[in-house]
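The next block holds one structure in the form of structure tokens; read it before the comments.
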């Protein structure tokens with residue numbers, strides 16, 4: 001699949017609206033929390049993502065600690081943004097992947113007392129990278145079964161908000177074996193969901209960001225003096241332009257949540273807030289990923305359509 005050029009990406013952003021990255025999100029101390037403007041709280045949701053659980057004491061203890069911290073905040077529910085297991089398909093056997101799923105669910109069931117909604121990530125798909133299969137949905141059945149999902153994308157309503165959980169991951173024969181995009185069927189479904197949604201605000205959840213600034217930093221793209229690098233469509237939705245136009249047309253999409261990049265940012269584009277909310281595992285349980293420690297986010301959804309975020313850097317060590 002072709003990559004999105006960084007130049008074209010930035011040019012398309014300025015063609016519609018100003019892009020806003022909150023400086024505090026990049027410079028906050030690991031001991032601080034990031035807070036946006038205060039709103040009248042109606043729904044409190046924890047967005048955790050990229051747990052990447054594996055069979056080692058650090059990951060097991062830290063994930064349990066994270067869940068205990070979440071329980072203290074008493075959210076209405078949790079949204080898990082995907083990549084719950086480590087699953088490097090080129091090195092891990094099916095037995096090892098199965099043991100990771102068991103460990104993830106055992107810790108979740110033992111340490112958590114809040115209902116959880118799940119989103120599929122690329123690491124959740126056994127054999128999706130770099131191995132491939134023509135039976136794309138078949139490759140997702142394992143993750144769907146583990147998460148208790150009947151479809152890889154779905155929606156639900158809570159209060160005055162509709163939450164639409166997307167399936168970002170499409171398989172390809174090229175490394176890394178996937179790219180971020182909605183297939184035609186899912187795009188049509190999303191259009192219907194937004195058309196049929198009346199008098200409700202909408203939150204979109206995807207594993208890979210639809211829009212983000214931190215996708216430019218992941219992998220050191222901006223670490224070179226040469227600025228003619230490209231932005232991989234495995235780090236940002238390749239259908240971002242189509243999706244942002246759809247959101248603008250309907251007007252009821254207020255916020256989009258994502259993970260995948262393990263970094264934290266906030267972009268406001270055409271009136272929609274896009275939050276990339278880091279990773280529970282930080283740098284895959286090795287500490288900070290660039291400047292960002294392991295974290296999760298508490299999202300507050302107001303009955304007036306406003307949203308605020310508080311990033312929690314929990315004590316993972």
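The values are calculated or read from the model by the stated rules, or taken from the named source; none is laboratory data. Just so it is clear, the structure is predicted and the values come from calculations on it, not from any experiment. Note that we place each Cβ from the backbone using ideal geometry, even for glycine, and neighbour counts take in every protein chain shown.
Structural remarks
- Residue satisfying all of: in the stretch 64-86; more than 17 Å from the chain's Cα centre (by Cα) and assigned to a loop (DSSP other than H, G, I, E, B); surrounded by the most Cβ atoms within 10 Å (Cβ to Cβ) among these: 75
- Residue match in the stretch 163-178 (condition: at positive phi, within 19 Å of the chain's Cα centre (by Cα) and surrounded by 16 or more Cβ atoms within 10 Å (Cβ to Cβ)): yes
- Residues within the stretch 125-158 that are at positive phi and at pLDDT below 95, tallied: 1
- Residue, nearest to residue 292 (Cα to Cα), within the stretch 242-281, restricted to residues that are in a loop (DSSP other than H, G, I, E, B) and touching a helix residue (DSSP H, G or I) at 6+ places or on another chain (Cβ under 6 Å): 263
Residue-wise test of (1) touching a residue at least 60 places away in the same chain (Cβ under 8 Å); (2) under 23 Å from residue 240 (Cβ atoms).
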| site | (1), (2) |
| --- | --- |
| 278 | yes, yes |
| 283 | no, no |
| 287 | no, no |
| 313 | yes, no |
| 317 | yes, no |
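- The stretch 109-124, residues that are surrounded by 24 or more Cβ atoms within 10 Å (Cβ to Cβ), at pLDDT below 95 and in contact with a helix residue (DSSP H, G or I) (Cβ under 7 Å, 6 or more places away or on another chain): 124
The rows are residues; the columns are (1) in contact with a strand residue (DSSP E or B) (Cβ under 6 Å, 6 or more places away or on another chain); (2) at pLDDT 95 or above.
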residue	(1), (2)
7	no, no
22	yes, no
25	yes, no
29	no, no
52	no, yes
60	no, yes
80	yes, yes
99	no, no
107	no, yes
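- Residue selected from the stretch 41-50 under the condition in a loop (DSSP other than H, G, I, E, B) and on the phi < 0 side of the Ramachandran plot, by the criterion modelled with the lowest pLDDT: 41
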